[in-house]
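Just below is one structure, and these are the notes that go with it.
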Amino acid sequence: MGIQITPSVLNADLSRLADEVARIGSADWVHVDVMDNHFVPNLTFGPSMLESLASHTDLPLDAHLMIDDPDSNALAYVEAGCGSVTFHVEAARAPVRLAREIRGHGARAAMALRPATPIEPYEELLAELDMVLVMTVEPGFGGQKFLDLCLPKIRTARRLIEKHGGETWLQVDGGVSLETIERCAEAGADVFVAGSAVYSADDPDRMVAELRTMAEEAAR
């Protein structure tokens, strides 16, 4: 599978979102942060917007649901055209059932963990998941500083994934930049969400390439 770079459009110009996505043509996925102003103190996108965006790009959409009731709402994002749907384990009432429903409707199922949420209690869920997302900032806002205290959890997640066959991707999200991506890759992450680092660059697609190169070198 190798290294994947997934720019977050939270830091893009939302008034011209399709054009902004066109500026990251070499990305592997487009990361879309869905917030409900309940699970996190911010309000962003819904299924209709993602459906519209999916019709304007060939890049697959990676929906990160920072919402209170993913059990009832996740499938709407699959139906909107998202190729991957991530729910927060802190919000899900029945994470195994939810992951199976997402997969059963043709999308990749992923589980996200806040910085303070340990992964060890959820080891048995790994077989039900296509990806684990370790948040390296508190979810809710872009542009936050990377939390180094999350690096041990990334290493633990990688160890548990390898223990169970190594098929599950390991994503990090929050403060990922040229200054931090090497640490994440060395710890075992292989999918990287970068928002402000990409969209604050003069050439976002060149930044995608630079991030990929740094992560690949660190992973080796």
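We did not get these values from a lab; they are worked out from the coordinates using the rules stated. Treat the numbers as computed from the prediction; the structure is a model and nothing was measured. Here the Cβ positions follow ideal geometry from the backbone for every residue, glycine too, while neighbour counts run over all protein chains shown.
Summary table
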item	result
Net lengthening on full extension, Asp71/Thr213 (0.36 nm per residue, minus Cα-Cα)	47.4 nm
Amide N of region 44-68 lying under 12 Å from the label point, which is placed 7 angstrom from the Cα of Glu79 along Cα→Cβ	47-48
Ranked Arg103, Arg16, criterion: other C-beta atoms within 10 Å, fewest first	Arg16, Arg103
Helix-only CD estimate at 222 nm, as mean residue ellipticity for the chain, using -39500 (n - 2.57) per DSSP H run (n ≥ 4)	-9500 deg cm²/dmol
Whole-Hz ³J(HN,Hα) from phi, Karplus 6.51 cos²θ - 1.76 cosθ + 1.60, for region 186-197, glycine and proline x	4, 6, x, 6, 10, 10, 10, 8, 9, x, 5, 4
Per-residue ³J(HN,Hα) for region 72-82, Karplus 6.51 cos²θ - 1.76 cosθ + 1.60, θ = phi - 60°, Hz, x for Gly and Pro	8, 10, 4, 5, 4, 7, 5, 5, 6, x, 6
For the chain, size of Cβ-based charge dipole, Lys and Arg +1, Asp and Glu -1, in debye	400 debye
For region 1-102: relative contact order, % (alpha-carbon pairs under 8 angstrom, 6 or more apart)	23 percent
Highest-first arrangement of 200-211, 175-186, where packing means the average Cβ count within 10 Å	175-186, 200-211
